[in-house]
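**Student:** Please find one structure pasted underneath; my questions will follow.
The values are calculated or read from the model by the stated rules, or taken from the named source; none is laboratory data. Remember, it's a predicted structure, so these values are computed and weren't measured experimentally. Virtual Cβ from ideal backbone geometry, glycine too; neighbours counted across all protein chains shown.
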Amino acid sequence: MEGIPTPREAELARGISAPPGHPAPYDAAEILFGAAEPPPFPEMNVFPLSWRMETPKLRELYDAARNPGWSPAALPWQTLDAGAFTEDQRYALAYWWGLLSTFDGSGPVVFARTMIHTFETHEEDPVRQCFFSITRDEVNHEEVCGRAITTLTPGGPLDHHPRTPLGQLARNNIMWMYHNGCRYWEGFKKGVHKYPLPILFTSFLMGEVASATLFHGMHQATHIPVFKEAFRCIGQDEARHMGICLAVLEKVLPALTEDQRATITRQIRAGFVFLSGILYEPPADFWELPPTFRDANRLIEEEARAAGLGILTMEERAENWRNAILKMKGLLEPHGIVFPALPEIGIDGQTVAFDPEDIIPVF
Ligand SMILES: [Fe+2]
Ligand SMILES: [Fe+2]
């Protein structure tokens, strides 16, 4: 009779087990009858897991990235003889790697945090895998910064105490870069949950385009063998990251909302301001720097250039940065994204408000 449980159903509902000695307790259908689903899964949790694959191209990119083909430990560090440089040259070379570490040294944590985010937001499997491979690459890039700095200035950048005024200026500037690095990280931690995937990826693309350009230029220009090889390898990784960002954007850009387009415009300005700290010169918008910073920076970079590091001139840097930005513009404008004004490098566009918490990209 409907509505009244049979004695067996009542027994199942009370969870009573089969009597001892009963040969086969219950069959699956009987157990299923009493089965209930757990409470709904919470938002922003890595569970439940799934292995959805929507973009085969991303899986191919991940497969190609499994073996990056190089290791920071296998670079020819034995050819980097600190004694072959003057004291100021050593401080200046280590200084540039210290500048770079504000960006490339943030890479591991930024992409690791984003990888966790892609699990929490249940992105398709290859997106998560690609972030894993980018994180692995960034750990390599950060290792190169560390090896270069500590070979030239043991204990550096901050536990090395330079003996010349130029060296002391270099250490002071790096402390200020790291001060801004702290501000960036605080903003990023809050920002990563705010933005949907298209916005995160457009911001990351900016970093990857910038870095691929930077390392390509320095690979060509440097006279120091271990750095030449390092720039080549890191540049190759950054180009691969750029490919990953493009593959994701190809899929998500055509479906942007009006709001998302406006956010991307602001993000590009924010990314430009942040990345100019290494690609060009740090603009005042975000960077909290002492009045001595820019003069000291120019002087130390001049010393590093004379030592053969391959730092481009300000004019070459402005030109490179401009070309990289125009590449981005060509990609984004067809999707109805308005480009912000970047007067620092002569690019016209919309004037947008700036919020330090909009900053997302690193290398
Ligand atoms: Fe990268
Ligand atoms: Fe990197």
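**Student:** Starting from region 216-236, keep only residues that are crowded, with 21+ Cβ neighbours inside 10 Å, then list their pairs with residues that are among the aliphatic types (A, V, I, L, M) and assigned to a helix (DSSP H, G or I) whose Cβ atoms are within a distance under 8 Å, requiring at least 6 positions of separation or different chains.
**Tutor:** These pairs meet every condition: 227/148; 227/218; 230/144; 230/148; 231/218; 234/144.
**Student:** Quick check on this structure: which one of 331, 275, 289, 299 is of a type in the set (A, V, I, L, M) and buried (at least 20 other Cβ atoms within 10 Å of the Cβ)?
**Tutor:** Working: 331 fails: buried (at least 20 other Cβ atoms within 10 Å of the Cβ); 289 fails: buried (at least 20 other Cβ atoms within 10 Å of the Cβ); 299 fails: buried (at least 20 other Cβ atoms within 10 Å of the Cβ).
Within the list 331, 275, 289, 299, the selection yields 275.
**Student:** Could you list all residues from region 62-118 that are of a type in the set (Ser, Thr, Tyr), more than 28 Å from residue 191 (Cβ to Cβ) and assigned to a loop (DSSP other than H, G, I, E, B)?
**Tutor:** If we filter region 62-118 for residues that are of a type in the set (Ser, Thr, Tyr), which is where we start, we get 62, 71, 79, 86, 91, 95, 101-102, 106, 114, 118.
Subsequent filtering for residues that are more than 28 Å from residue 191 (Cβ to Cβ) retains 71, 79, 86, 91, 95.
Result: 71, 86.
**Student:** Based on what the data block shows, is residue 123 within 29 Å of residue 194 (Cβ to Cβ), part of a helix (DSSP H, G or I) and of a type in the set (Asp, Glu)?
**Tutor:** On the way: within 29 Å of residue 194 (Cβ to Cβ): yes; part of a helix (DSSP H, G or I): no; of a type in the set (Asp, Glu): yes.
No: the conditions fail for residue 123.
**Student:** Any idea which of 87, 37 is among the acidic types (Asp, Glu), modelled with pLDDT of 95 or more and surrounded by fewer than 10 Cβ atoms within 10 Å (Cβ to Cβ)?
**Tutor:** Among 87, 37, only 37 is among the acidic types (Asp, Glu), modelled with pLDDT of 95 or more and surrounded by fewer than 10 Cβ atoms within 10 Å (Cβ to Cβ).
**Student:** To continue, here is another question. Quick one: residue 103 ticks every box in (1) among the aromatic types (Phe, Trp, Tyr); (2) at pLDDT 95 or above; (3) closer than 18 Å to residue 275 by Cβ; (4) surrounded by 24 or more Cβ atoms within 10 Å (Cβ to Cβ) except a single one, so which number is it?
**Tutor:** Answer for residue 103: the failing condition is (2).
**Student:** Listed residues 221, 210; which is within 11 Å of ligand 2 (Cβ to nearest atom) and more than 15 Å from residue 145 (Cα to Cα)?
**Tutor:** Residue meeting the stated conditions: 210.
**Student:** Can you tell me which residues in region 197-247 are touching a Ser or Thr at 6+ places or on another chain (Cβ under 6 Å), within 20 Å of residue 278 (Cα to Cα) and either more than 12 Å from ligand 1 (Cβ to nearest atom) or aromatic (Phe, Trp, Tyr) (or both)?
**Tutor:** Of all residues in region 197-247, those touching a Ser or Thr at 6+ places or on another chain (Cβ under 6 Å) come to 199, 225-226, 228, 238.
Next, only the ones that are within 20 Å of residue 278 (Cα to Cα) stay: 228, 238.
228, the sole residue that qualifies.
**Student:** Which condition from (1) in a loop (DSSP other than H, G, I, E, B); (2) modelled with pLDDT under 95; (3) of a type outside the set (Lys, Arg) is the one that residue 30 breaks?
**Tutor:** (1)
**Student:** Please give the number of the condition residue 357 fails out of (1) loosely packed, with under 13 Cβ neighbours inside 10 Å; (2) modelled with pLDDT under 90.
**Tutor:** In the conditions (1) loosely packed, with under 13 Cβ neighbours inside 10 Å; (2) modelled with pLDDT under 90, residue 357 misses (1) alone.
**Student:** Looking at region 155-169, can you tell me whether even one residue there is in contact (Cβ under 8 Å) with a residue 40 or more places away in the chain, among the aliphatic types (A, V, I, L, M) and within 16 Å of ligand 2 (Cβ to nearest atom)?
**Tutor:** No, region 155-169 contains no residue that is in contact (Cβ under 8 Å) with a residue 40 or more places away in the chain, among the aliphatic types (A, V, I, L, M) and within 16 Å of ligand 2 (Cβ to nearest atom).
**Student:** Could you tell me which of the residues 330, 346 is more than 16 Å from ligand 2 (Cβ to nearest atom), on the phi > 0 side of the Ramachandran plot and either modelled with pLDDT of 95 or more or not charged (D, E, K, R) (or both)? Give the derivation first.
**Tutor:** Values: 330 fails: on the phi > 0 side of the Ramachandran plot.
Unique residue meeting the criteria: 346.
**Student:** Looking at (1) in contact (Cβ under 8 Å) with a residue 12 or more places away in the chain; (2) under 15 Å from residue 153 (Cβ atoms); (3) not charged (D, E, K, R), which one does residue 181 not meet, given that it meets all the others?
**Tutor:** It is condition (2) that residue 181 fails.
**Student:** For region 228-270, how many residues meet the condition of being within 15 Å of ligand 2 (Cβ to nearest atom) and under 16 Å from the mean Cα position of the chain (by Cα)? Don't jump to the end; show me each part of the working.
**Tutor:** Step one: of region 228-270, the residues within 15 Å of ligand 2 (Cβ to nearest atom) are 230-245.
This time we only want the ones that are under 16 Å from the mean Cα position of the chain (by Cα), so: 234-245.
Of the residues in region 228-270, 12 are within 15 Å of ligand 2 (Cβ to nearest atom) and under 16 Å from the mean Cα position of the chain (by Cα).
**Student:** Tell me yes or no: at least one residue of region 153-174 is in a helix (DSSP H, G or I) and under 16 Å from the mean Cα position of the chain (by Cα).
**Tutor:** Start the filter on region 153-174 by keeping residues that are in a helix (DSSP H, G or I), which leaves 165-174.
Now drop any that are not under 16 Å from the mean Cα position of the chain (by Cα), which leaves none.
Checked region 153-174: no residue is in a helix (DSSP H, G or I) and under 16 Å from the mean Cα position of the chain (by Cα).
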